């Protein structure tokens, strides 16, 4: 499953909310959609979900245009808006059952699917509660469940972590990892960049409707930093390790940070493996050795200017 956003443009009177945006992602990937408020993220996502039409451009889901064939595209998309409507007269179970019926599920299959979704999203304990009686975190979970009812291969999620408490954010993060593990392609907007770094395989940065940077985290990090950063922690002798590292080939810098050393290494995975082998041969007992995760906050501050439309 490949999703291609091609030259997307959206005008509102005198405002160009989306200005010629193009990027791609696919099955098993979680892409973060990152930008300041008013950058055009929600507009782009609504177009992808067939809720708005672009002025020009298109979104292709496995080659199918969401503009020309919205009814086909909707079957492939699960959309999670930034807020769930307030419903005082419908329970969680009734709400999910309604959408299961709307997607054409019938009889025992519908009942089985709804129950499986409730179990998967941990909603069984609140299935009889009314929507308007739920916390923000529970409403977000219901919104995710509704988006999964028809088992779409693509999920578009607009700020699903907004207003969640720490436990709910952790549970959402684990849920997204599980969904990506099932092969779903996920685009998620969020302002919590440290958490996106933990789950995303790629990211898209936009500002004032314009694309600034897009790609996998490895590519973004390589474009933003000339070297990869390794974290190396020995069981003892960190000062000696620091001095030794400065003499190693391809090491372009090192910083001593409490009980570990952060190393700027020029090269690829093979160079990282060679460095570890050399350190062990030289007698250093290494208990931690890994590449530092992409710092989305640093990339965000580098590529954006804080401008709004």
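The values are calculated or read from the model by the stated rules, or taken from the named source; none is laboratory data. Since we're looking at a predicted model, the values are computed, not measured. Positions of Cβ are generated from backbone atoms using ideal geometry, with glycine treated the same way; all protein chains shown enter the neighbour counts.
Report yes if some residue within the range 3-16 is buried (at least 16 other Cβ atoms within 10 Å of the Cβ), touching a residue at least 60 places away in the same chain (Cβ under 8 Å) and under 14 Å from residue 187 (Cα atoms); otherwise report no.
yes
Mind listing whichever residues of the range 189-203 are in contact with a helix residue (DSSP H, G or I) (Cβ under 8 Å, 6 or more places away or on another chain) and outside any strand (DSSP E or B)?
190, 192, 193, 194, 195, 196, 197, 198, 199, 200, 201
Name every residue in the range 53-86 that is in contact with a helix residue (DSSP H, G or I) (Cβ under 6 Å, 6 or more places away or on another chain) and surrounded by fewer than 17 Cβ atoms within 10 Å (Cβ to Cβ), in order of residue number.
Of everything in the range 53-86, those that are in contact with a helix residue (DSSP H, G or I) (Cβ under 6 Å, 6 or more places away or on another chain) and surrounded by fewer than 17 Cβ atoms within 10 Å (Cβ to Cβ) turn out to be 64, 86.
Identify, please: which residue in the range 256-279 is assigned to a strand (DSSP E or B) and under 30 Å from the mean Cα position of the chain (by Cα) and is, among those, surrounded by the fewest Cβ atoms within 10 Å (Cβ to Cβ)?
Looking at residues that are assigned to a strand (DSSP E or B) and under 30 Å from the mean Cα position of the chain (by Cα), I get 257.
Looking for whichever is closer than 21 Å to residue 76 by Cβ and either without any contact (Cβ under 8 Å) to a residue 12 or more places away in the chain or buried (at least 22 other Cβ atoms within 10 Å of the Cβ) (or both) here; the options are 39, 49. Which one fits?
Going through 39, 49 in turn, just one is closer than 21 Å to residue 76 by Cβ and either without any contact (Cβ under 8 Å) to a residue 12 or more places away in the chain or buried (at least 22 other Cβ atoms within 10 Å of the Cβ) (or both): 49.
Here is a check on your reading of the model: is residue 247 part of a strand (DSSP E or B) and not assigned by TED's automatic domain parsing to the domain that holds residue 116?
Against the criterion (part of a strand (DSSP E or B) and not assigned by TED's automatic domain parsing to the domain that holds residue 116), residue 247 does not qualify.
Give me a count of the residues in the range 229-253 that are in contact (Cβ under 8 Å) with a residue 12 or more places away in the chain, farther than 15 Å from residue 288 by Cβ and in contact with a helix residue (DSSP H, G or I) (Cβ under 9 Å, 6 or more places away or on another chain).
The total comes to 4.
Would you mind stating whether residue 220 is surrounded by 15 or more Cβ atoms within 10 Å (Cβ to Cβ) and within 28 Å of residue 301 (Cα to Cα)?
yes
Filter the range 294-305 down to the residues that are surrounded by 14 or more Cβ atoms within 10 Å (Cβ to Cβ) and assigned to a loop (DSSP other than H, G, I, E, B), then identify the one that is modelled with the lowest pLDDT.
Result: 294.
For (1) in a helix (DSSP H, G or I); (2) in contact with a strand residue (DSSP E or B) (Cβ under 8 Å, 6 or more places away or on another chain); (3) closer than 17 Å to residue 302 by Cα, each residue gets a yes or a no:
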residue	(1), (2), (3)
169	yes, no, no
172	yes, no, no
176	yes, yes, no
180	yes, yes, no
187	no, yes, no
205	no, yes, yes
215	no, yes, yes
229	no, yes, no
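Among the numbered criteria (1) touching a residue at least 24 places away in the same chain (Cβ under 8 Å); (2) touching a strand residue (DSSP E or B) at 6+ places or on another chain (Cβ under 9 Å), which one does residue 256 miss?
Residue 256 satisfies all of (1) touching a residue at least 24 places away in the same chain (Cβ under 8 Å); (2) touching a strand residue (DSSP E or B) at 6+ places or on another chain (Cβ under 9 Å) except (1).
For the range 1-37, give me each residue that is over 19 Å from the mean Cα position of the chain (by Cα) and on the phi > 0 side of the Ramachandran plot.
7, 13, 20
Among the listed residues 128, 86, 159, which satisfies the condition of being modelled with pLDDT under 90, in the same structural domain as residue 29 (by TED's automatic domain parsing) and either under 23 Å from residue 50 (Cβ atoms) or touching a strand residue (DSSP E or B) at 6+ places or on another chain (Cβ under 9 Å) (or both)?
159
Do we have residue 252 as at pLDDT below 90, exposed (fewer than 15 other Cβ atoms within 10 Å of the Cβ) and within 30 Å of residue 16 (Cα to Cα) here?
Judged against the criteria, residue 252 is not a match.
Does at least one position in the range 280-293 carry a residue that is surrounded by 14 or more Cβ atoms within 10 Å (Cβ to Cβ), free of Cβ contacts under 8 Å to residues at least 24 places away in the same chain and not in a loop (DSSP other than H, G, I, E, B)?
No, that holds for no residue.
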